[in-house]
Amino acid sequence: MNRNALNFSGGPGVLPATVLAQTQQAIAEVPEVGLSVLGISHRSDWFAEVVAETERNIAQLLHLPANYAVLLLQGGATLQFSMIPMLLLRQRQCVADYVRSGYWSSKSIPPAQLEGAVRILWDGELNGFRNLPKAAELSYSKDAAYLHYVSNETVEGIQFHELIGDDAVARVCDMSSDMLSRPFDASRFALIYAHAQKNLGPAGVTLVIIRRELLEQAPNNLPEMLDYRAHLAAHSIYNTPPVLAIYVTLLVTRWLLHDIGGLAQMDALNRIKAAMLYAVIDEHAEMYCGHAAREHRSLMNVVFTLPTFELERDFLQQAAEYGFSGLKGHRSLGGIRASIYNAMTNEAVAALCQFMVDFARRI
Ligand code: PMP
């Protein structure tokens, strides 16, 4: 199998083979323009339509109501950790509620504390970030400015499989590692964000979906570049955007719509892949130990350990010889992480499963 197909990296990660082929073509020459995508002006009509179609495709995939705006921004998901409290918490007397469920939600908290009061609604650290709160378990404050959580903790491989929060409080969600991997009701969220480099495309562009009414409460002391209103008014071309990254994201949305057939179909495929890997982990408990509590297992990032550091080292070395890449766990957690984003094929997951079974038998 092609090595790109065996890329289990946590991100930037695997992209569909057809998208890579079209990108290669576009780097040589975008057929309808006759120029390399790397040299096409962001002020061209062609690029304005690339942005518009990307936004339309995302709105279609998510059945977005008309009062939501789709923005394509820079600065990664990390910049959203600041832009969100700057918009929703600055100059306000209320608190923002944060669920601290793993590495990335922990990173989102200090920037918010610079803008106002933060309440940690739930903290999973004592349990080693292996599980998540149930919706009914959380006591929400109705006067909070917003509730922030991460739908899929990429490092620990834990994922919410139900909606949390209260409709009376603006829900804000970092969906960086499971955006467009499954259907969900976007109308229950005030703001959703996701960088591209997992399921949407290459690094460099970050998707923000925002309920327009939220912008009415923007404070008046925001730098323009950090003000969603400026990006909305400029149709995501406020300054020079990452033209290539946005173009590839467009190709991925077309793939999702036309080749896969939408998010319900994508979800069904993703569930099969995750079930295959978790079955190997469960059937070979003497060798593999899953990190996540069963009910919060991620469909995107399958995180597990082996009994010893030496076995993990041998596992990674033999996996690399076979052609697999990106399997080393996040530097903060260690172990193994198999990221099986949308573009990861069934065949590649089956090959990894076979490798894992053989490895367990050999030892
Ligand atoms: N949130 C989540 C859930 C992530 O997985 C990551 C990175 N993998 C980030 C935020 C940070 O994203 P970026 O590097 O684009 O700033």
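When the Gaussian network model of the chain links Cα atoms closer than 10 Å, the mean-square fluctuations of Asn301, Asn239, Asn127 top out at Asn127.
Once the Cβ-Cβ distance between Gln265 and Asn220 is put in as r, and R0 is 35 Å, what FRET efficiency do you end up with, to the nearest 0.05?
Result of the calculation: an efficiency of 0.20.
Setting aside same-chain residues fewer than 8 positions from Lys142, which lysines have a Cα under 20 Å from its Cα? In chain and number order, the partners are Lys134. Counting only protein heavy atoms and a 1.4 Å probe, the stretch 254-299 has 46 square angstrom of accessible area per residue. Each peptide in 112-118, 25-31, 337-343 receives the mean, over its residues, of other Cβ atoms within 10 Å, and ordering these scores from highest gives 337-343, 112-118, 25-31.
Note on the stretch 36-162: Cα-only Rg and Dmax are 18.0, 53 Å. Largest GNM mean-square fluctuation across Ala274, Ala350, Ala186, computed for the chain with C-alpha springs under 10 Å, falls on Ala350.
How much of the accessible area of the chain, in percent, comes from carbon and sulfur atoms when a 1.4 Å probe is used? The partial results should precede the final answer.
Details: 7890 of 14990 Å².
Its accessible area is 53 percent carbon and sulfur atoms.
Look at the dipole of the stretch 271-322 built from charges on Cβ: of His291, Ala275, Phe309, the Cα furthest out on the positive end belongs to Ala275.
Farthest towards the positive end of the charge dipole of the chain, among the residues Leu147, Gln80, Gly334, is the Cα of Gly334, using unit charges on the Cβ of Lys, Arg, Asp and Glu.
If you wrap a convex hull around the alpha carbons of the stretch 211-291, what volume per residue comes out, as a whole number of Å³? Don't skip to the answer; put the middle values down first.
Working: hull volume 16.6 nm³, N = 81.
Convex hull of Cα atoms, per residue: 205 Å³.
Protein heavy-atom accessible surface, 1.4 Å probe, per residue over the stretch 45-175: 39 Å². Residue separation of Asp45 and Gln60 scaled by 0.36 nm, minus their Cα-Cα distance, works out to 3.2 nm of gained length.
Can you tell me how much longer the chain between Gln113 and Ile237 gets when fully stretched, taken as 0.36 nm per residue apart minus their C-alpha distance, in nm with one decimal? Walk me through the numbers on the way to the answer.
Working: separation 124, 0.36 × 124 = 44.64 nm, distance 2.97 nm.
Additional length available on full extension: 41.7 nm.
Assuming charge only on the beta carbon of Lys and Arg (+1) and of Asp and Glu (-1), the dipole of the stretch 5-79 about its Cα centre is about 220 debye to the nearest 20.
The values are calculated or read from the model by the stated rules, or taken from the named source; none is laboratory data. From a predicted model like this one, the values you see are computed outputs, not experimental measurements. Backbone-built Cβ (ideal geometry, glycine too); neighbour counts: all protein chains shown. Just so you know, the surface numbers come from the protein's heavy atoms only, side chains and all, with ligands and any DNA or RNA stripped out. Shrake-Rupley method; radii C 1.70, N 1.55, O 1.52, S 1.80 Å.
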